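Presented below is the structure to which this report refers.
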Amino acid sequence: MKSFVLIEPGKVGWFDSPLPVLSPYGAILRPVALAPCSSDVHTVFGGGSKKAPNLILGHECVAQIVEVGEFVRDFKPGEVVAVPAITPDWRDLGIQEHNFGHASAPFSGHQLGRSQPGVFAERFGIPDADTTLAKIPEGVTVEQALMCVDVVTTGFTGAECAGIQFGDTVAVIGIGPIGLMAVEGARHLGAARIIAVGSRPVCVKLAREFGATDILSYKDGDVAEKVKAMTGGLGADRVIICGGQDEAFAQAVDMVRYGIGTVSNVNYFGGTGNLPFPKFSGGRGMAGKTIRTELARGGRVRIQRMMEMVKYGRIHPEKLITHRLEGLDKIEEALYLMKEKPQDLIKVMVCVDGE
Ligand SMILES: [Zn+2]
């Protein structure tokens, strides 16, 4: 079958991959809508850990079920479902210790397009359909469901792990798709003031729409100093890092409050080496600032909950989609759009025809 693969680091292309094999609890699916994301860009161009040769890429997908295994209870062929980007193996013993993202090994929850073939292919397999696939509620569109499988849950994970309290001042560093959903998540969790840090006009506009009360551009100078000045010298109660290079981590520690502040990171820091921890604003190691480093929450129930938020009109993640392409062939173009980020782009989706 036709599939879009990582040939070697930095090089992608089309490949004739073997069809997925059906397992007793699993399902075989056909993509209906796909989205490449920044983490695909990192997988290809970021020089991460070693990947299998000709690994099928992709983990953001709404799909139609083609076939189910003999022990699958809740799903039938023909059904269109949302496929979570993070698909923990719920039989991993680490799950019993509430270690959902890294139950059996680092990043064991992130399987699609990493330790298992991804979704950028004519077919893909899911080993455990009942615990993984998410039912799309009535009234939720394919586009909305597609945004829930990764972007919404990741942004919301950043907001949840920040421990937001009513009345908080929350800074969100990076307002690409994930940061925009972190803004939305912070608003829903009770943030009073939301300072969005970013400058692309298309993102700034949506940040305001999703609940940002203030916008800070990197071009305005030191954003950490600005946040402190805006908060009477105290700093933000919570900082959510959703983008930026290594210095974003130092800025987050700089701009968060002493004693009760939390930095919640869902950003990918590429390369090797260490992140900079500012000794002074870190209180020489005694500032009482909490740092959380989180992989997005996934699995069936989580993504169904994200889609409930859409169904009842609480969130509008379809607004993130600025570009639409038709046909599986367009995945390559879509991936390069995510890499090159033209001014008017937030998120691109690819619709795949039926057969
Ligand atoms: Zn993604």
Of all DSSP beta bridges having both residues in the chain, the percent classed as antiparallel (nearest 5) is 50
From the Cα centre of region 85-142 to that of region 296-355, the distance in Å is 17
Helix-only [θ] at 222 nm, the chain, -39500 (n - 2.57) per DSSP H run of 4+, per residue, nearest 500, equals -7000 deg cm²/dmol
Ordered by number, the chymotrypsin sites (Phe, Trp or Tyr not before Pro) in region 56-144 that occupy a DSSP loop and have at most 12 other Cβ atoms within 10 Å are Phe71
The size of the Cβ-based charge dipole (Lys, Arg +1; Asp, Glu -1) of region 57-196 about the Cα centre, to the nearest 20 debye, is 300
Two pseudo-spin positions, 7 Å from Cα along C-beta at Ile7 and at Arg324, lie apart in nanometres by 3.2
About its Cα centre, region 129-282 carries a charge dipole, from +1 on Lys and Arg Cβ atoms and -1 on Asp and Glu Cβ atoms, whose size in debye to the nearest 20 is 340
Too long for a 32 Å Cα-Cα cut-off, among Lys76/Lys339; Lys219/Lys339; Lys76/Lys347, are Lys76/Lys339
Out of Lys219, Lys228, Lys341, a Gaussian network model of the chain with alpha-carbon springs under 10 Å gives the largest mean-square fluctuation to Lys219
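Just so you know, all these numbers are worked out from the coordinates, no wet-lab data involved. Quick caveat, the model's predicted, so the values are computed rather than measured. Quick reminder, even Gly has a Cβ in these numbers, built from the backbone with ideal geometry, and neighbours come from all protein chains shown.
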